Amino acid sequence: MITLKIDGIEVQVPEETTVLKAAEKVGVWIPTMCHNDLFEPYAVCRLCSVEVVRGKRSRVVTACNYPVSEGIEVLTDSENIRWIRKFLMELILSRWPNVKVVKEMAEKLNVGKPRYESLEKDEAEDACILCGQCVNVCREVVQANVIGFSYRGIKREVVLPLGEQSDKCIVCGACALVCPTGHIKMVIEDYKGKKPEFTLGPKTSIYVPTMQGIPRVPVIDAESCIHFKTGGCEVCAKVCEPHAVNYDMKDEIVEIDVGQILLSTGYDIFDASKMTQFGYGRLNDVYSSLEFEMMLSSMGPTSGKVLTKDGKEPRSIGIVHCVGSRDTNHHPYCSRVCCMYALKFAHLVCDRTDAEIYQFYIDMRAFGKGYEEFYVRILDEGVKVIRGKVAEVSEVTSSGEYKNQLIIRCEDTLAGKILEVPVDMVILCNAIEPRKDIDAVRRLFSISKSPDGFFLERHPKLDPTSTMSDGIYIAGCAQGPKDIPDTVAQASSAAARILSYISKGEVEIDPVRAWIDDKYCAGCRICNNLCPYTAIDFIEEKKISQINDVLCKGCGTCVAACPASAITGKGFSDAQIVAELEGLLAI
Amino acid sequence: MEFEPRIIAFFCNWCTYTGADLAGVSRLKSPANIRVIRTMCSGRVDPTFILKAFELGADGILIGGCHPGDCHYSEGNYKALRRVHLLRKMLQSFGIDEKRLRLEWISASEGDVYQHVATEFTAQIRSLGPLNWKQRFEQKEPKEQLIAV
Amino acid sequence: MAKPKLALYWAASCGGCEVAVLDIEVKILDVAAFFDIIFWPCATDFKYKDVEAMPDKSITLCLFNGSIRNSENEKLAKLLRAKSVVLVAFGSCAHEGCIPALANLTTKEEIFKTVYLDTVSTYNPEKRFPQPITKIKEGEIEIPVFYERVKALDQVVDVDYYIPGCPPQSTQVAAVIEAVIDILQNGKPLPPKGTILGAGDKTCCDECPRTREEKKIKHFYRPHEIFADPNKCLLDQGIICLGPATRSGCGALCVKANVPCRGCYGAPPNVHDQGAKMMSAISSVIDAQDPAEIDKIIQEIVDPVGTFYRFSLAHSTLKGANL
């Protein structure tokens, strides 16, 4: 440890500490305009100049990069220093008189109108003051090295290599973040982000995926994280006190032995851009239900505010029901949840904005407990409900009252009128549809799908959670569109089924099994390769094949193939099937 | 009286049997000529049964299994496919039109496909006429006259 | 005590079964000593009318070989059934039709046309066909009626036992005769009716010395197209061997000579249709999933009916072609 005095205050700091940091520790303010803890001291503004006294000798140094040494005394406010600072500040102020941080610093240092006139005077409010922070953060933190200085003296300026946008720039925004004047700006052209599932994605590279998630821990989005692009940064690791940030974690494939599996793989939403009449993906401010849900979330990109693309509060919103569902061109089934979430949207929008809300519906299906009451409440809140399927959403391009607004065209089938409703925002209630990989998943588990494409249950009424494959259960929208209470009920039922097997400790297997009669098997080994469950073993000593009763699932392929008819399929024996044939063909 | 084909169908428990059931539940009308035998898998269908059915008077035979890749037992349906291919080749030698034996992949959700296949196959067998194996076979038994070419 | 009476008859067959009886070597002397051979047209001179004159059930044992091709075969089958206590279908023809029954895949017209018109060595400008009754100056001559279909013996008359094989193995024939002598001498009970004598309950594979692997067949070869490994299962090598669907009893004679089993011992105990079962087994182990590839492999099986039903067509489910 090193002991020194700063303005008469004694302080102990570790070796290698800079005078600036030591002064911070004892609460002595030293002005600086170029220093940032993210990178090495740069000492370009010179405002942190202090006087260091060692014995009888004294010298002026920059505090930000001068390391402490034993017994020195630092003076930050001596007459000499005050004179130096004033002089430096006057130079800075004379060149960039209108930059906010410069003016504030001048005020702090009691510097008024400068005594000099700059040859390179820049009167912009967001002028570059050549502090170098952007260059340093790009070089040292991001390690992309795409910003640098060019020219010398009063011609010095911050440039990109050869003055052009470099493809080495990863558009991380670190330079804009550290720029004290706002000279560097990130131009956000489109905030449709990275996750295909939610076009309104997370705002940062390190984020908590869902606040309700368990465990609720942040994750790093490797696609946008600076570290994974350049190998640099690691700022999060530096600031994380428990050292919980780990860049080496990899996706792992873990094999777990289980006896039963519950598939609740969820759903995809219908891609509304297939229905070009609604303009989704083409018109601004036409949102899918999930995007709007993200917008309503306090964790979302607008922090829960309902805003149009140009950042204004909408004056009116149209909510379009049955987009892709109850539609023979797409999905004939009802997605069940849309009516109620559309009403919820209306309720939340009422709560947060003064917008007029229009609901365009085919039939209002408020089917659950308390749902009808909610519907009535929404009507009382002044939401306008229009019974009619929307024909088209278009944009007003002409000038006038509705310029740049959206027009929803539909027939009000109750009033018998064609309506054209101007709105600022359209929310589409996309159909719930099976996940795109549902075929691959169901083949993995040997289960079927129903005509609507969702997993097929064993029985639609009596056994809606189990499947034709023993030990495979289904719940939620993977089985068909359903709301949260129904999903919870189905999932609980499936869980109870699974638990009942676990607590029983044994499994009853279907008696439909094949067995080989030793008396007739001569070990030709035709059957050996046919069994998908490798239930048939060839016993070398006896030169015959045998079936493992537990592995056999009773498909009967080996029974049909056995040239000696030594294999009998219990429940579906040759004699039984021939008897069926005789019966069926008796008349 | 119009000829009513007698068609024996072997349907796998998981796909076609359920699909045919769905056609029924969905009130899709399909011909009553199809007489269904349920097996666990189309791979259980032994060619012996098919020949036996023809012998016993079936005019056509329909085997229904899961789509390739969808078999509840991985690939029982492929075994059915191979057997049917070889059997078709043999049926020609027996003087049975190979169109009388049909293999179709119908999934549990394809009630409409079942309806279509059942209707079409019944119409096809109707146009092929009765097979009437036993009677025809016995008619050819010793007659005391001889041929003069 | 009078000797038990033995009759042997040869219907539609090649005569190999008669040779198989003589093939029992010196045991034939025991047969001659124990039995009174009262009818054996192939070996000694007997007339049908001698048999017709016998009282019913006067023949103790009748070994009947050959299938039923014409009216003479049928007449003799019925006659010998009536005169015999025990009627044995001897050999594959009587048992299940054998090679003669392959004629069931075609018609009588076709057969006549081939035999009496089309063959190169035939000179028949008047296109005459045999007639059951032909009038000549001296009166009428009668020849048997050629039937439309070939039948196995038990499709014409009630049969007590079967001895399979084309021909039955002489060791098996000797063993059966010994057993019969034993039964008759010592008053032992007869085996249940319908029993297959001189054969096993398993399949030919049981007697086959070759090593067998799990089967996956990509190519079928006819025996002349490949040098078969004498130690490996022929089917594993892509040669169609009917051993897996054929009753044991021959001692795997053919496969030991590096020739595939052709199925002469008939279907094993639980199999009702040997050909259907064998084709089911074979097609199950074809190593292809694509319909075009499957067809390509199947094309390599030349004459599947003739291959799978070579011996059993008359006894099979369909019994022949419907032409």
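Please compute the average number of Cβ atoms from other chains found within 10 Å of each residue's Cβ in peptide C:308-321. Present the calculation step by step, with values, prior to reporting the outcome.
Working: counts 3, 3, 0, 0, 0, 1, 0, 0, 4, 12, 12, 5, 5, 7.
The shielding value for this peptide is 4.
Explain nothing, just compute: Karplus ³J(HN,Hα) = 6.51 cos²θ - 1.76 cosθ + 1.60, θ = phi - 60°, for every residue of the range B:57-63 in order, whole Hz, x for Gly and Pro.
Values per residue, Gly and Pro as x: x, 6, 9, x, 9, 10, 10 Hz.
How would the range C:1-71 be classified by its alpha-carbon gyration tensor: rounded, prolate or oblate, with rounded meaning a/c under 1.5 and the a/b versus b/c comparison settling the rest?
On the way: a/c = 2.10, a/b = 1.06, b/c = 1.99.
Oblate is the answer for the range C:1-71, as a/c is 1.5 or above yet b/c matches or exceeds a/b.
So for each of A:546-557, C:241-252 I average, over its residues, the number of other beta carbons within 10 Å; can you give me the resulting order with the highest mean first?
Values: A:546-557: 20.5, C:241-252: 26.8.
Final packing ranking: C:241-252, A:546-557.
With viscosity set to 0.692 mPa s and temperature to 37 °C, compute the Stokes-Einstein D of chain A, Rh being the Kirkwood radius across alpha carbon pairs; µm²/s, no decimals. Don't skip to the end; give the middle numbers.
Working: Rh = 31.6 Å.
So the translational diffusion coefficient is about 104 µm²/s.
From the Cα gyration tensor of the range A:438-504, with a ≥ b ≥ c the square roots of its eigenvalues, which class applies: rounded if a/c is under 1.5, or else prolate if a/b is larger than b/c, or else oblate?
Details: a/c = 1.92, a/b = 1.20, b/c = 1.59.
Oblate is the answer for the range A:438-504, as a/c is 1.5 or above yet b/c matches or exceeds a/b.
For chain C, what mean projected area does the convex hull of the alpha carbons give, in nm²?
Projected over every direction and averaged, the Cα hull of chain C covers 20.7 nm².
If r is the Cβ-Cβ distance from A:ILE261 to A:LEU283 and R0 is 41 Å, what FRET efficiency results, to the nearest 0.05? All intermediate terms of the calculation are to be shown ahead of the outcome.
Numbers: r = 43 Å, r/R0 = 1.05.
The value I calculate is 0.45.
Could you tell me the calculated FRET efficiency between B:LEU128 and B:LEU28, based on Cβ-Cβ distance and R0 = 30 angstrom, to the nearest 0.05?
Numbers: r = 24 Å, r/R0 = 0.81.
Efficiency, rounded to the nearest 0.05: 0.80.
Among the GluC sites (Glu not before Pro) in the range C:109-195, which ones are in a DSSP loop with at most 15 other Cβ atoms within 10 Å of the Cβ? Mind listing them? Show your work: numbers first, answer last.
Details: sites: C:GLU109, C:GLU110, C:GLU126, C:GLU138, C:GLU140, C:GLU142, C:GLU148, C:GLU178; in loops: C:GLU126, C:GLU138.
Filter output for the range C:109-195: C:GLU126, C:GLU138.
Can you work out the base-10 log of I(q)/I(0) for the range B:7-139 at q = 0.18, 0.20 1/Å, using the Debye formula on its C-alpha atoms alone?
Per q value, in the given order, log10 I(q)/I(0) is -0.94, -1.13.
Would you mind checking A:LYS21/A:LYS185; A:LYS56/A:LYS108; C:LYS3/C:LYS83 for any pair whose Cα atoms are more than 24 angstrom apart? Walk me through the numbers before you get to the answer.
Working: A:LYS21/A:LYS185 30 Å; A:LYS56/A:LYS108 31 Å; C:LYS3/C:LYS83 16 Å.
Listed pairs above 24 Å: A:LYS21/A:LYS185; A:LYS56/A:LYS108.
Given points 7 Å out from each Cα along the Cα-Cβ axis, report the A:ALA440 to A:GLU125 separation in nanometres with one decimal.
Result: 5.3 nm between the two label points.
Taking every DSSP beta bridge that has both residues in chain B, what percent is antiparallel when rounded to the nearest 5? Walk me through the intermediate numbers first.
Details: 1 of 17 bridges.
That works out to approximately 5 percent antiparallel.
Could you give the nm distance between label points at A:ILE253 and B:LYS99, where each point is 7 Å from its Cα heading toward the beta carbon?
4.9
Tell me the Kirkwood hydrodynamic radius of the protein assembly as shown in angstroms, computed as one over the mean inverse distance between distinct C-alpha pairs. Kindly include the intermediate steps, with their values, before the conclusion.
Working: mean 1/r = 0.0261 Å⁻¹.
This gives a value of 38.3 Å.
Express the Stokes-Einstein translational diffusion coefficient of the range A:31-117 in µm² s⁻¹, to the nearest whole number, given a Kirkwood radius over alpha-carbon pairs, 25 °C and a viscosity of 0.890 mPa s.
Values: Rh = 13.9 Å.
The calculation lands on 177 µm²/s.
Per 10 Å bin, what percent of the C-alpha pairs of the range A:2-77 does each bin hold, from zero upward?
Result returned by the calculation: 21, 58, 20, 1.
Tell me, what HN-Hα J-couplings in whole Hz come from the Karplus equation 6.51 cos²θ - 1.76 cosθ + 1.60 at θ = phi - 60° for each residue of the range A:290-306, using x for Gly and Pro?
So the J values, rounded to whole Hz, are 5, 5, 5, 4, 4, 5, 6, 6, 5, 8, x, x, 10, 6, x, 7, 8.
Please compute the alpha carbon radius of gyration of the range C:106-147, then divide it by the globular-protein estimate 2.2 N^0.38 Å. Two decimals is fine. Show your work: numbers first, answer last.
Working: Rg = 12.1 Å, N = 42, 2.2 N^0.38 = 9.1 Å.
Cα-based Rg divided by the globular estimate yields 1.33.
Can you figure out the FRET efficiency of C:ALA43 with C:ALA179, using R₀ = 25 Å and their beta-carbon distance, to the nearest 0.05?
It comes out at approximately 0.65.
As an exercise, take the mean of 1/r over every pair of distinct alpha carbons in the range A:407-528, invert it, and state the Kirkwood radius in angstroms. Present the calculation step by step, with values, prior to reporting the outcome.
Values: mean 1/r = 0.0523 Å⁻¹.
Taking every pair of different Cα atoms in the range A:407-528, averaging 1/r and inverting gives 19.1 Å.
Working out 0.36 nm times the residue gap between A:ASN404 and A:THR204, then minus their Cα-Cα distance, what length gain in nm do you get to one decimal?
Once the chain is fully extended between A:ASN404 and A:THR204, it gains 68.9 nm.
Once amide H atoms are built 1.01 Å from N in the peptide plane, which residues 5 or more positions from A:LEU263, or in another chain, come under 5 Å H to H?
A:TYR473, A:ILE474, A:ALA475
With each pseudo-label sitting 7 Å past Cα toward Cβ, what's the A:LYS100-A:VAL159 distance in nm, one decimal?
3.0
In the range B:1-44, which chymotrypsin sites (Phe, Trp or Tyr not before Pro) are in a loop and have at most 14 other Cβ atoms within 10 Å, using DSSP for the loop call? Mind dumping the intermediate values first?
Numbers: sites: B:PHE3, B:PHE10, B:PHE11, B:TRP14, B:TYR17; in loops: B:PHE3, B:TRP14.
Those satisfying the criteria are B:PHE3.
Check which residues have an amide H placed less than 5 Å from A:VAL219's amide H, if you skip close sequence neighbours.
A:TYR207, A:VAL208
Taking just the alpha-carbon atoms of the range A:275-433, what radius of gyration and Dmax come out, in angstrom?
Cα only, the range A:275-433: 14.9, 47 Å (Rg, Dmax).
Once every Cα of the range C:204-308 carries one equal point scatterer and solvent is ignored, give the base-10 log of I(q)/I(0) from the Debye formula at q = 0.10, 0.11, 0.14, 0.15 Å⁻¹, two decimals.
So the normalised log intensities are -0.25, -0.31, -0.51, -0.59.
So which chymotrypsin sites (Phe, Trp or Tyr not before Pro) in the range A:464-570 pass both tests, a DSSP loop state and at most 11 other Cβ atoms within 10 Å of the Cβ? Could the numbers behind the result be given before it?
Details: sites: A:TYR473, A:TYR501, A:TRP515, A:TYR520, A:TYR533, A:PHE538; in loops: A:TYR520, A:TYR533.
Answer in residue order: no site qualifies.
For chain B, which span is the longest to avoid every loop-located (per DSSP) member of trypsin sites (Lys or Arg not before Pro) having at most 12 other Cβ atoms inside 10 Å?
Values: sites that count: B:ARG27, B:LYS29, B:LYS143.
With a cap of 12 other Cβ atoms within 10 Å, the longest stretch comes to B:30-142.
Let me have the 222 nm mean residue ellipticity of chain C computed from DSSP H runs of 4+ only, each contributing -39500 (n - 2.57), with the sum over all residues rounded to the nearest 500.
Working: 12 runs with 95 residues, N = 323.
So the calculated ellipticity at 222 nm is -8000 deg cm²/dmol.
In chain C, which cysteines lack any other cysteine Cβ under 4.7 Å from their own?
Here C:CYS14, C:CYS17, C:CYS42, C:CYS62, C:CYS204, C:CYS208, C:CYS233, C:CYS241, C:CYS250, C:CYS254, C:CYS261 come out as lacking a disulfide-compatible partner, given the Cβ-Cβ threshold of under 4.7 Å.
What number, rounded to the nearest 500 deg cm²/dmol, is the helix-based mean residue ellipticity at 222 nm of chain A, given -39500 (n - 2.57) per DSSP H run of at least four residues and division by all its residues? If you can, show how the numbers build up before the last one.
On the way: 14 runs with 130 residues, N = 587.
The helix contribution divided over chain A gives -6500 deg cm²/dmol.
Please list, in chain and number order, the residues 5+ apart from A:GLN359 or on another chain whose amide H is under 5 Å from its amide H, with Hs placed from the backbone.
A:ILE319, A:LYS384, A:VAL385, A:ILE386
What 222 nm value per residue comes from the helices of chain B, counting each DSSP H run with n ≥ 4 as -39,500 (n - 2.57) and dividing by all residues, nearest 500 deg cm²/dmol?
Details: 5 runs with 63 residues, N = 149.
Calculated mean residue ellipticity at 222 nm is -13500 deg cm²/dmol.
If you average the alpha carbon positions of the range C:152-179 and of the range A:18-36, how far apart do those two centres end up, in angstrom?
Measuring centre to centre over Cα atoms gives 115 Å.
By average Cβ neighbour count within 10 Å, what is the ranking of A:38-44, A:392-398 from highest down? Don't skip to the answer; put the middle values down first.
Details: A:38-44: 18.0, A:392-398: 14.3.
Peptide ranking by packing, descending: A:38-44, A:392-398.
Taking neighbour Cβ counts within 10 Å as the exposure measure, how do C:TYR265, C:TYR162, A:TYR116 sort from fewest upward?
On the way: C:TYR265 33, C:TYR162 25, A:TYR116 11.
Fewest to most other Cβ atoms nearby, the residues stand as A:TYR116, C:TYR162, C:TYR265.
Taking each residue in C:215-228, count the Cβ atoms of any other chain within 10 Å of its Cβ, then average. What number comes out?
Per residue, the number of nearby Cβ atoms from other chains is 1 on average.
Would you tell me the mean number of C-beta atoms belonging to other protein chains that fall within 10 Å of each C-beta in B:90-103, as a whole number?
What the average comes to for B:90-103 is 4.
When DSSP beta bridges are limited to those with both residues in the protein assembly as shown, what percentage is antiparallel, rounded to the nearest 5?
Given both bridge residues lie in the protein assembly as shown, the antiparallel proportion sits at roughly 45 percent.
Read phi for every residue in the range A:483-490 and hand back ³J(HN,Hα) as whole Hz from Karplus 6.51 cos²θ - 1.76 cosθ + 1.60, θ = phi - 60°, with x for Gly and Pro.
3J(HN,Hα) across the range A:483-490, in whole Hz: 8, 5, x, 5, 5, 4, 5, 5.
Computed from the coordinates by the stated procedures, all read-outs in this text should not be read as laboratory data. Just so you know, these numbers come straight off a predicted model, no measurement behind them. Heads up, the Cβs are rebuilt from the backbone with ideal geometry, glycines too, and the neighbour counts pull from every protein chain shown.
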